[in-house]
């Protein structure tokens, strides 16, 4: 028992030592930052004002950093004519309100992964950073649009030819506050809506199929995402821009995958007219199941038998034969069914995109599982948690962060923001 107590106390003492040392280091970091930024402020003389501005030195600001709160003293230049003022040191440091860019970056990353309060608690526990959830929320709403901008920039410079580029598009509903849903039609019994549609697109590449199985293999870490609450027309331009950024012009073959939604194929027609268009096999088989259930009512065994037979035909490039067989069965039933007509029309309208044997022989994917998984991983896991209701602007900001994080572009986007928006400062050695 004594030995166990000794071990337990040793663990506690060791933890206390480490946490105490961390706090001491953070304190030293705060002191060092104050000294460095005081030197930077010395490089801003009183006569650095623009025409018509008045200089007011030694204005204080409690700046929030990853080391804690640091007191800044800096010049303030004010123009009576315009009523505008500026703090050159704040601009040079890239402050967001009173928060350092390093702290904003960490807080935004935490908020991209989980709710604002949980992000606050994790930052405190993992890094000793004290920042409230409501402050993180406010920062995300400010930097989210900037990250969205950064996602559109930065064309890849790799000159290598891309054997196959894939583009996939899908959508999912995100729960919204009541003000965002006023007058919107939906699937509720009263015709109203509880969600707004978030569109998600992904781009990834394939260099070669698996050597043993011949099945297509996605290049590791090649998937990038774009998302928004835009119209289909606007989103089409967004996903095309991402494909161009990824090297659309260097792709020997471009494949566009989606379900049977009309807006998706209109998007493909406008933005990817030369791509190979493929209807996701899973969605086609879902429709086939519904069709067989309707054509063989109260005959479950026959419905299952025909579904399996037509499934094999569909996977053997025999979609035309499936359509013909379904129409014969509908005539034999001698009934008029608008629902069944729509099911058959789905295959008639999509048949040129259902050549699954041909796609497999070419070593191509014919399922849109990547973007469907993205709807869950990029959108659902953060924006559709129990009890969440969003404003459009708030959801858009978080969606931009999620696309950067899940698309392996987090550091790239933040580095671009610093390079483009933040001034450089010179600190005397």
Quiz item: Under a GNM of the chain (C-alpha, springs under 10 Å), which listed residue has the highest mean-square fluctuation: 259, 221, 332?
Solution: 332
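Of all DSSP beta bridges in the stretch 152-291, what percent run antiparallel (nearest 5)?
Values: 18 of 27 bridges.
Bridges in the stretch 152-291 that DSSP calls antiparallel: roughly 65 percent.
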Self-check item: Relative contact order of the chain, defined on C-alpha pairs under 8 angstrom at six or more residues apart (%)
Solution: 18
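When DSSP assigns beta bridges and you keep just the ones with both residues in the chain, what percent turn out antiparallel, to the nearest 5?
Working: 32 of 43 bridges.
Counting only bridges with both partners in the chain, antiparallel ones make up about 75 percent.
In square nanometres, what is one fourth of the surface area of the convex hull spanned by the alpha carbons of the chain? It would help to have the intermediate numbers written out before the result.
Numbers: hull surface 133.7 nm².
If I average the Cα hull's projected area over directions, I get 33.4 nm².
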Quiz item: In whole Å, what is the distance between the alpha-carbon centres of the stretch 284-338 and the stretch 153-195?
Solution: 32
Quiz prompt | Order of 300, 120, 193 under a 10 Å beta carbon neighbour criterion, fewest first | solution = 300, 193, 120
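Taken together, the values in this text are just the output of simple stated rules run on the coordinates, not laboratory data. None of the values given here were measured: they were computed from a predicted structure. Cβ: placed from backbone, ideal geometry, glycine included. Neighbour counts: every protein chain shown.
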